[in-house]
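Below you'll find the structure, written out as structure tokens, and then a few comments.
The values are calculated or read from the model by the stated rules, or taken from the named source; none is laboratory data. Here the structure is a predicted model, which means the values were calculated and not measured. For neighbour counting, all protein chains shown are included, and Cβ atoms are generated from backbone atoms with ideal geometry for every residue, glycine included.
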């Protein structure tokens with residue numbers, strides 16, 4: 001097994017099989033490694049070795065992004081993946097925090113930097129003639145720094161769903177281990193075609209897409225950005241056999257019209273995390289493939305894997321040391337007790353924070369942010385910030401982020417559990433449950449933002465009937481407000497950005513044409529809400 005990404009890449013330096021396919025472009029492994037070597041030489045000449053050898057990439061899924069990843073590994077440079085959806089001072093702060101000496105971008109994204117204070121960062125437009133000439137005239141570094149298994153390969157920023165993104169130091173061995181474990185588990189070889197449509201500045205695409213590809217020398221098909229409507233054309237055009245995902249892409253794809261031959265494409269496997277329980281079998285059936293969903297975070301401190309015995313609603317079985325703890329008492333939570341309806345009867349006791357009791361796992365800390373690192377590492381354990389509970393057999397069930405622990409009418413409630421129930425509605429494609437201030441001034445009231453499938457309708461009376469038919473839904477878990485929307489705000493990794501929904505408040509539409517319903521405080525029926533801002537019906 002290779003200890004470094006450099007070693008894995010060098011395996012394929014003499015291969016003429018396809019490494020990259022992008023639009024009409026095909027690049028062999030030999031061409032890919034050679035071009036990355038020249039870029040490594042070009043970057044080496046620009047760097048001051050008295051400072052961290054960090055190069056930022058403000059790039060989407062293009063060949064230049066893959067060149068940069070390989071150039072970093074081959075030239076002893078740490079690549080800092082800059083989130084291409086960040087804007088303004090937040091974007092500038094990420095670049096400065098990562099101590100980037102050089103920032104690679106392209107003509108599409110370079111305007112995002114206009115007027116920003118980046119310090120002394122050198123910005124390079126990789127679409128420019130100057131960069132092409134520099135690369136063409138460069139040679140591979142004569143003596144690149146030695147890379148060891150524990151050395152950082154990349155800085156990857158967290159998604160930022162619960163605060164400012166933090167730069168995770170991702171080690172070489174973490175990347176190589178991921179790929180060399182995933183490839184055999186999906187029987188991937190150099191003949192496979194991997195679809196990389198999740199952003200390569202995030203850990204999911206690196207660990208679940210780039211990593212298995214370089215482990216076996218498979219073909220990487222790039223989509224600059226994920227598109228549910230383009231997905232079907234891409235897998236047919238390129239003969240895709242494997243895809244990775246994070247967040248809600250399966251739901252987006254399922255919400256597109258089915259084609260008669262969907263189950264007859266070359267797609268064999270999908271691997272990712274955070275898919276809704278109902279979407280996993282639906283996607284597998286529609287596309288005739290295996291779908292394996294697992295728990296994942298950028299920090300990679302906690303590992304939970306789904307097995308053939310795992311209940312569909314759970315995320316699977318935890319590795320040794322992974323447990324659910326009460327953050328106040330720092331003791332393990334009791335297992336969940338389910339009543340005759342299937343509802344969790346001891347929610348107050350069994351829901352806690354998912355932790356690694358044995359330490360940091362593969363988490364090497366946040367770069368340039370000691371406070372955030374110490375916040376994660378408390379009492380000798382890694383605290384994920386994710387709410388969860390376990391059943392009698394030890395299976396883990398997610399209950400949302402720590403901010404999703406709400407107090408409704410004097411009762412504790414986990415938003416993630418309510419979301420899973422609402423997603424049972426056949427018309428609901430995506431949903432976010434969150435708390436808004438109780439008008440009486442005490443605690444929270446539930447709001448549910450839902451996206452309806454393209455071929456379905458949702459109306460108040462039918463929604464009320466559905467809620468009443470769910471035996472495991474507490475009467476206090478009926479949403480006080482329902483926001484029916486065409487789309488929900490998301491991060492670059494397809495995670496719903498609840499804080500944006502909270503900021504909109506009751507009746508807010510963030511410029512869209514959303515419809516709001518309100519339930520009477522003590523009733524069960526819903527009525528269209530009068531817009532609290534505009535004073536008109538929405």
Task: Residue check for residue 105: surrounded by fewer than 21 Cβ atoms within 10 Å (Cβ to Cβ) and either touching a residue at least 24 places away in the same chain (Cβ under 8 Å) or not assigned by TED's automatic domain parsing to the domain that holds residue 20 (or both) - done: no
TODO: Could you identify the single residue in 170, 121 that is in contact (Cβ under 8 Å) with a residue 40 or more places away in the chain, buried (at least 16 other Cβ atoms within 10 Å of the Cβ), within 28 Å of residue 371 (Cβ to Cβ) and under 20 Å from the mean Cα position of the chain (by Cα)?
DONE: 170
- [ ] For residue 246, indicate whether it is touching a strand residue (DSSP E or B) at 6+ places or on another chain (Cβ under 7 Å) and surrounded by fewer than 22 Cβ atoms within 10 Å (Cβ to Cβ).
- [x] no
TODO: Go through region 516-538 and count every residue that is surrounded by fewer than 16 Cβ atoms within 10 Å (Cβ to Cβ) and at pLDDT 90 or above.
DONE: 5
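When you look at residue 418, is it touching a helix residue (DSSP H, G or I) at 6+ places or on another chain (Cβ under 8 Å), surrounded by 20 or more Cβ atoms within 10 Å (Cβ to Cβ) and free of Cβ contacts under 8 Å to residues at least 24 places away in the same chain, yes or no?
Taking the combined requirement at face value, the residue does not satisfy it.
Would you be able to tell me the number of residues in region 445-463 that are closer than 13 Å to residue 480 by Cα and crowded, with 18+ Cβ neighbours inside 10 Å?
Let us first name the residues in region 445-463 that are closer than 13 Å to residue 480 by Cα, namely 445-449, 460, 463.
From the residues that got through so far, the ones that are crowded, with 18+ Cβ neighbours inside 10 Å too are 445-449, 463.
Adding up the residues that qualify gives 6.
Condition check ((1) crowded, with 17+ Cβ neighbours inside 10 Å; (2) at negative phi; (3) at pLDDT below 95; (4) out of contact with any strand residue (DSSP E or B) (no Cβ under 8 Å at 6 or more places or on another chain)) across all residues:
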| residue | (1), (2), (3), (4) |
| --- | --- |
| 264 | no, yes, no, yes |
| 300 | yes, no, yes, no |
| 312 | no, yes, yes, yes |
| 340 | no, yes, yes, yes |
TODO: Kindly indicate the residue of region 89-100 that is surrounded by fewer than 19 Cβ atoms within 10 Å (Cβ to Cβ) and more than 22 Å from the chain's Cα centre (by Cα) and also modelled with the lowest pLDDT among those meeting that condition.
DONE: 89
Task: Residue tally, condition modelled with pLDDT of 90 or more and either surrounded by fewer than 18 Cβ atoms within 10 Å (Cβ to Cβ) or outside any helix (DSSP H, G or I) (or both), over region 373-411 - done: 25
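Looking at residue 431, is it closer than 22 Å to residue 495 by Cα and touching a strand residue (DSSP E or B) at 6+ places or on another chain (Cβ under 9 Å)?
Working: closer than 22 Å to residue 495 by Cα: yes; touching a strand residue (DSSP E or B) at 6+ places or on another chain (Cβ under 9 Å): yes.
When the stated conditions are applied, residue 431 passes them.
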Task: From 199, 212, residue being part of a loop (DSSP other than H, G, I, E, B) and either more than 22 Å from residue 429 (Cα to Cα) or at pLDDT below 95 (or both) - done: 199
Task: Search result, residues across region 474-524 that are part of a helix (DSSP H, G or I), out of contact with any helix residue (DSSP H, G or I) (no Cβ under 8 Å at 6 or more places or on another chain) and either free of Cβ contacts under 8 Å to residues at least 40 places away in the same chain or within 20 Å of residue 252 (Cα to Cα) (or both) - done: 475, 500, 501, 503, 504
Task: From the options 307, 256, residue that is out of contact with any strand residue (DSSP E or B) (no Cβ under 7 Å at 6 or more places or on another chain) and surrounded by fewer than 18 Cβ atoms within 10 Å (Cβ to Cβ) - done: 256
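Would you say residue 84 is within 23 Å of residue 5 (Cβ to Cβ) and in contact with a strand residue (DSSP E or B) (Cβ under 6 Å, 6 or more places away or on another chain)? Quick ask: steps written out before the conclusion?
Values: within 23 Å of residue 5 (Cβ to Cβ): yes; in contact with a strand residue (DSSP E or B) (Cβ under 6 Å, 6 or more places away or on another chain): no.
In short, no.
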TODO: Please work out if residue 188 is surrounded by fewer than 24 Cβ atoms within 10 Å (Cβ to Cβ) and farther than 22 Å from residue 53 by Cβ.
DONE: yes
